[in-house]
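Visitor: Below: one structure in structure tokens.
The values are calculated or read from the model by the stated rules, or taken from the named source; none is laboratory data. From a predicted model like this one, the values you see are computed outputs, not experimental measurements. So basically every Cβ, Gly included, is an ideal-geometry build from the backbone, and we count neighbours across all protein chains shown. Accessible surface is based on the protein model in full, side chains and every heavy atom, while ligands, DNA and RNA are left aside. Shrake-Rupley method; radii C 1.70, N 1.55, O 1.52, S 1.80 Å.
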Amino acid sequence: MFDLPITPVARVGGLVAGRASPGGGPDLPVYYPGTGAQVSVLVEDGPEAVAAAVEAARRAFDHGPWPRLSTPERIDVLERCRAAILAHVDELARLECVATGLLMRELRAMHMQRAAYNFRFFADYISQTAGQRYDQAPGYMTTVARVPVGVAALIAPWNAPVALATMKIAAALAFGNTCVLKPSEQTPLALARLVDLLQEVLPEGVLNLVNGRGPVTGAALVAHPGVDLVSFTGGTETGRQIMAAAGRNLVPCTMELGGKSANIVFASADQDRALDGALLGIFSNNGQQCLAGSRILVERGIFDEFTGRFAERAARIRVGDPLDPATEIGPLASAPHMARVLGFAGSAQAEGCRILTGGARREDLGEGYFIQPTAVVAPSNAAHVAQEEIFGPFATFLPFDTADEAAAIANDTKFGLVSYVWSDHLPTVMTMTERLRSGVVWVNTPMMRELRAPFGGFKASGVGREGGASCEAFYTEERTVTIPTVPPPLRRLGTAD
Ligand code: NAD
């Protein structure tokens, strides 16, 4: 029904030290979510191919130039990575679109720009880093330097593959590490091309790519003893497994995990802005965002009016072809994911939720994985649809009476990634920002990421943070060196008569 964004190469595989990886696993299909058609084949990397990739990264770290480059030299390479992305924005966006179903307009204007900017951001960041020096003990100088950790295993999800993976790649490289990247097996195409492009800029073995299913390729990567750190973005359950495996090797991890974030609308808010923000908060990126404002808590006095206006606008959202600039929501990323999201519409009805709008597949759009933007009112915060991360265009509404109650409902979840507060009453805003148990609170704005600030979650939403100084802390080891400046005399053992 819809045109393909691009015809990708027929077979895509990993890259080890700049050469095709040995693979070794079965072929995996890659589908276009806009039509359900198979568009490529992914060659899975088995444990031997993963070991080859880790060894290549190890060699590049232990013997190659990368960790030993001067900061200006490394900045120059990071800038060339940025330029390589900017020179291929359209191709990368099309490859991302054909595997994810994300909107071409947004992939070009946002995801790929952000990917390029990630390299500029860390190039700028390392131009400003400094060590420490202490002179407390008389005659002694102690310095603390941050040095690269080693081989970084970078594991990425399918919902924004290039934008999210490049944050990890740029950070790991900027601080002198070498990498093995494992994209999601559902969405490997744009990242495969990106890693290929960056080979022309980076020394051999600095950035390697392995592909395949999580429990096979991902698990082999995390368990490999040559890996020195793991940066993971994905689901909470996967995060638990990866942390347990990394723990066996005593390897540090960051975990950027799931969410069920509260979007809290007070009567004291600018209602039009809050409505626009609530719609963006849940329906952006085809509804597949870790930071989605998926539980919308609305003060009771404005509840009916707000939910009515939200449902009316949601029903008018243009769902369809990811290539059409007028489309506002594209397909979900896969057939099983669509079935899962629609399953929540079924369970919502069974649990006594009131369906405000949506809840069904868009059969009129052919075989692609399109569903109606959906909104329900839950009978309580205990409902499945108020507790589980749905990861689709599916909003769950709940009313509240006081700020205390809003904070209690917002915090009554296993997650704690972000929160949104909408109010023009400063004491209400300040009360909420202090009480909310989440890593980020956005006030009167939908998602607005500041890369210098930490991003990450409380509770089951994560461990560690991404962002300027947080990445510096994670991707480096601290090394303390003490030297006598004017060597004081030492106590002399074994000299007594
Ligand atoms: P997922 O956990 O299924 O997979 C993520 C990655 O982990 C994939 O590359 C997968 O192949 C790999 N993997 C799976 N099992 C593994 C294992 N045992 N060992 C090693 N690797 C393994 O997640 P997903 O479905 O791709 O992504 C959606 C999830 O990601 C959602 O929960 C979403 O909230 C979360 N997410 C979080 C953030 C954040 O910044 N907090 C950002 C985007 C997505």
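Visitor: Assuming R0 = 51 Å, can you tell me the calculated FRET efficiency for the pair residue 354 and residue 477, based on Cβ-Cβ distance, to the nearest 0.05?
Guide: So the FRET efficiency works out to roughly 0.40.
Visitor: Compute the long axis of helix 189-199 from its Cα atoms, compare it with the longest principal axis of the Cα atoms of the chain, and write down the angle in degrees, 0 to 90, nearest 10.
Guide: It is inclined by approximately 20 degrees.
Visitor: On to the next question. Pull up the DSSP beta bridges for the chain and report the antiparallel fraction as a percent, rounded to 5.
Guide: Working: 28 of 68 bridges.
The antiparallel proportion sits near 40 percent.
Visitor: Taking the mean number of other Cβ atoms within 10 Å as a proxy for protection, how do you rank 47-53, 384-390 from highest to lowest?
Guide: 47-53, 384-390
Visitor: If you take the charge dipole of the chain about its Cα centre, with +1 on Lys and Arg Cβ and -1 on Asp and Glu Cβ, which of 47, 314, 167 is farthest toward its positive end?
Guide: Ranked along the dipole, the leading option is 47.
Visitor: Here's another thing I want to ask about it. Take every DSSP beta bridge whose two residues both sit in the range 262-443, then give the antiparallel share in percent to the nearest 5.
Guide: 15
Visitor: Could you provide, to the nearest whole Å², the per residue accessible area of the chain with probe 1.4 Å? It would help to have the intermediate numbers written out before the result.
Guide: Values: 20110 Å² over 497 residues.
Accessible area per residue, the chain: 40 Å².
Visitor: Let me ask something additional. So for the range 26-144, considering every pair of alpha-carbon atoms, how many percent are separated by more than 26 Å?
Guide: Of the Cα pairs, 52 percent sit more than 26 Å apart.
Visitor: Excluding residues fewer than 8 places away in the same chain, name every one of the lysines whose C-alpha is closer than 26 Å to that of residue 182.
Guide: Straight-line reach from residue 182, under 26 Å: 168, 260, 459.
Visitor: Could you point to the residue in 378, 13, 227 farthest towards the positive end of the chain's charge dipole, with +1 and -1 charges on the Cβ of Lys/Arg and Asp/Glu respectively?
Guide: Farthest towards the positive end: 227.
Visitor: Ordered by packing density, taken as the mean number of other Cβ atoms within 10 Å over each peptide's residues, highest first, how do 224-232, 260-268 rank?
Guide: My ranking of the peptides, most packed first, is 260-268, 224-232.
Visitor: Using alpha carbons only, how many degrees (0 to 90, rounded to 10) separate the axis of helix 71-86 from the longest principal axis of the chain?
Guide: 30
Visitor: Okay, next question. Which part of the range 292-306 falls in the paramagnetic zone of residue 380, meaning amide N under 19 Å from the point 7 Å along Cα-to-beta-carbon?
Guide: 295-298, 300
Visitor: Defining a contact as two alpha carbons under 8 Å apart and six or more residues distant in sequence, what relative contact order in percent does the range 262-443 show?
Guide: Reported relative contact order: 28 percent.
Visitor: If you don't mind, there's one more thing I want to ask. Considering only protein heavy atoms, what is the solvent-accessible area of residue 404 at a probe of 1.4 Å, reported in Å² to the nearest 10?
Guide: Using a 1.4 Å probe on the heavy atoms, I get roughly 90 Å².
Visitor: I would also like to ask the following. Roughly how compact is the chain, stated as its Cα Rg over 2.2 N^0.38 Å to two decimals?
Guide: Details: Rg = 24.5 Å, N = 497, 2.2 N^0.38 = 23.3 Å.
Scaled against compact globular proteins, the figure is 1.05.
Visitor: Using a 10 Å cut-off on Cβ atoms, rank the peptides 453-466, 336-349 from the highest mean neighbour count down.
Guide: Numbers: 453-466: 20.5, 336-349: 16.8.
The densest-packed peptide leads the list: 453-466, 336-349.
Visitor: Also: Quick check: at a probe of 1.4 Å, how many percent of the accessible area of the chain sits on carbon and sulfur atoms?
Guide: Roughly 54 percent of what the probe reaches on the chain is carbon or sulfur.
Visitor: Taking the 0 to 90 degree range and rounding to the nearest ten, how far is the long axis of helix 426-435 tilted relative to the main principal axis of the chain, both from C-alpha atoms?
Guide: For 426-435 against the chain, the angle is about 60 degrees.
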